[in-house]
Protein chains: 2
Amino acid sequence: MTTATSPEPKKAPAEPSDALLRQFIGYNMKRAYMQVQDDLAATLAPLGLRIGTYSALAVVVGSPGISQTQLSQVLDIKRSGVVVLVDELEGAGVLERAPVPGDRRAYSLRVTSAGKRLWQKAEAEVRAHEAALFADLAPEDLRQLHDLLARAARSAARHRQEETT
Amino acid sequence: MTTATSPEPKKAPAEPSDALLRQFIGYNMKRAYMQVQDDLAATLAPLGLRIGTYSALAVVVGSPGISQTQLSQVLDIKRSGVVVLVDELEGAGVLERAPVPGDRRAYSLRVTSAGKRLWQKAEAEVRAHEAALFADLAPEDLRQLHDLLARAARSAARHRQEETT
DNA sequence: GTCATATTGTTCATTGACGTAACAATCCGG
DNA sequence: CCGGATTGTTACGTCAATGAACAATATGAC
């Protein structure tokens with residue numbers, strides 16, 4: 001007898017739990033991410049941003065002149081999806097659709113000066129909220145988690161793509 | 001010079017990226033979890049399960065006799081949501097709504113023998129897929145990631161709850 | 001040059017997974 | 001016994017994202 005719990009949980013469990021799910025890394029990712037997602041949405045709302053528009057803004061800030069198709073690839077959504085995001089950001093005066101010299105079909109997305117300021121505000125805001133959320137973890141643990149998540153994402157992406165190939 | 005990229009990304013970026021987002025732990029969680037989610041859905045589909053029903057099945061297996069309200073609390077969804085899940089599982093002969101002796105309103109959820117077998121199959125299947133997904137990480141790293149995610153989820157849950165309180 | 005084919009952005013309908021609000025049946029405490 | 005809570009249920013709304021079409025434009029073969 002290693003663990004001295006009740007030997008036979010035949011009928012009603014005193015404490016229902018998701019113990020069987022917690023063995024999986026994916027489930028723990030979900031649990032953690034759901035918290036981050038909810039907090040992030042609440043953080044961005046006062047800035048007039050949703051998670052989708054916030055992500056799009058970040059990519060355009062970091063990659064000025066990007067096209068909507070490229071943006072859809074980076075965000076891993078369909079082209080029809082970015083239209084909504086860019087419409088919203090453009091309507092807020094945060095982003096603009098500039099014409100591409102060589103191609104009259106595509107747009108060159110750029111942030112306005114107001115957009116740049118909004119991003120800096122959002123970036124600081126999100127960073128602060130994330131720090132507060134994970135305040136129970138030591139800085140070294142956070143760094144480690146960040147690195148492991150990035151590697152896990154790469155590993156999963158690679159192996160999933162190989163399946164399809 | 002470590003990386004020899006162009007020093008001034010004024011106009012069109014050669015390689016658009018989500019670099020500005022990857023600084024955040026939450027974004028890396030999302031990237032990793034999305035991969036897991038897609039793979040999980042594909043893994044469960046042949047078994048006739050969706051992520052929602054799979055999660056519900058796991059909880060009922062681990063907590064026999066649980067009520068739908070309790071299940072909604074563990075899964076962190078509304079009671080109206082579990083009705084759909086339990087309906088589906090019951091329709092597949094995986095689960096049954098047994099009457100609760102003392103309370104004629106509630107149901108005592110239990111897995112059938114077929115349900116128990118289905119869960120064992122799903123559990124093994126998911127474990128194998130997860131191992132393949134994260135094959136690039138050393139076992140020790142995986143263990144570490146599992147632990148850090150669990151702690152991060154707890155930390156976030158605690159701090160978010162304190163805000164509301 | 002011309003024409004088939006691909007690409008870009010867009011619109012619209014649909015889907016899926018939730019939440020909200022109401023409701024009947026049932027339980028509980030005074 | 002009765003007002004108020006709890007359980008499961010139903011109908012409806014919401015929100016983000018997809019899929020399928022489409023017009024405008026670009027590209028490449030000939």
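I need the full set of residues from the range A:24-52 which are outside any helix (DSSP H, G or I) and under 25 Å from B:Glu163 (Cβ atoms), in order please. Selection gives A:Gly48, A:Leu49, A:Arg50.
The residues on offer are B:Leu47, B:Leu95, and the sole one that is away from DNA strand D (no atom under 12 Å from the Cβ) and within 21 Å of the chain's Cα centre (by Cα) is B:Leu47.
Evaluating A:Leu145 against the criteria (1) touching a Ser or Thr at 6+ places or on another chain (Cβ under 7 Å); (2) outside the structural domain of A:Gln35 (by TED's automatic domain parsing) leaves one unmet condition, (1). Residues that are under 30 Å from B:Arg158 (Cβ atoms), aliphatic (A, V, I, L, M) and free of Cβ contacts under 8 Å to residues at least 40 places away in the same chain within the range A:98-130 comprise A:Ala124, A:Ala128, listed in sequence order.
Could you tell me whether A:Glu163 is over 24 Å from B:Ile25 (Cα atoms) and touching a helix residue (DSSP H, G or I) at 6+ places or on another chain (Cβ under 9 Å)? It is true that A:Glu163 is over 24 Å from B:Ile25 (Cα atoms) and touching a helix residue (DSSP H, G or I) at 6+ places or on another chain (Cβ under 9 Å). Of the listed requirements (1) within 9 Å of chain A (Cβ to nearest Cβ); (2) part of a helix (DSSP H, G or I); (3) without any contact (Cβ under 8 Å) to a residue 12 or more places away in the chain; (4) among the small types (Gly, Ala, Ser), B:Ser55 misses just one: (3). Is it the case, given these coordinates, that A:Leu133 is in contact (Cβ under 8 Å) with a residue 12 or more places away in the chain and within 19 Å of the chain's Cα centre (by Cα)? It is true that A:Leu133 is in contact (Cβ under 8 Å) with a residue 12 or more places away in the chain and within 19 Å of the chain's Cα centre (by Cα). Selection of helices (runs of 4 or more DSSP H) fully inside the range A:64-165 by the criterion of at least 1 residues being within 10 Å of another protein chain (Cβ to nearest Cβ) and among the small types (Gly, Ala, Ser) returns A:113-133, A:139-164.
Which of the residues belonging to the range B:55-92 are surrounded by fewer than 16 Cβ atoms within 10 Å (Cβ to Cβ) and more than 14 Å from DNA strand C (Cβ to nearest atom)? Passing the criteria: only B:Gly91.
With respect to A:Ala152, is the statement that it is outside the structural domain of A:Leu49 (by TED's automatic domain parsing), within 19 Å of A:Met29 (Cα to Cα) and without any contact (Cβ under 8 Å) to a residue 40 or more places away in the chain true? No.
Residues that are more than 13 Å from every other protein chain (Cβ to nearest Cβ), at pLDDT 95 or above and surrounded by fewer than 22 Cβ atoms within 10 Å (Cβ to Cβ) do not occur anywhere in the range A:11-18.
In the range B:104-126, is there at least one residue being within 21 Å of A:Tyr33 (Cβ to Cβ) and surrounded by fewer than 19 Cβ atoms within 10 Å (Cβ to Cβ)?
Within the range B:104-126 (the criterion being within 21 Å of A:Tyr33 (Cβ to Cβ) and surrounded by fewer than 19 Cβ atoms within 10 Å (Cβ to Cβ)), the answer is no, since none of the residues qualifies.
Of the residues that sit in the range B:36-52 and are crowded, with 24+ Cβ neighbours inside 10 Å and within 9 Å of chain A (Cβ to nearest Cβ), which one is farthest from DNA strand C (Cβ to nearest atom)? Filtering the range B:36-52 for residues that are crowded, with 24+ Cβ neighbours inside 10 Å and within 9 Å of chain A (Cβ to nearest Cβ), the one farthest from DNA strand C (Cβ to nearest atom) comes out as B:Val36. When the range A:58-91 is filtered for residues that are free of Cβ contacts under 8 Å to residues at least 24 places away in the same chain and more than 25 Å from B:Tyr33 (Cβ to Cβ), the ones remaining, listed by number, are A:Val83, A:Asp87, A:Glu90, A:Gly91.
The values are calculated or read from the model by the stated rules, or taken from the named source; none is laboratory data. Note that the structure is predicted; figures quoted are calculated from it, not measured. Note that we place each Cβ from the backbone using ideal geometry, even for glycine, and neighbour counts take in every protein chain shown.
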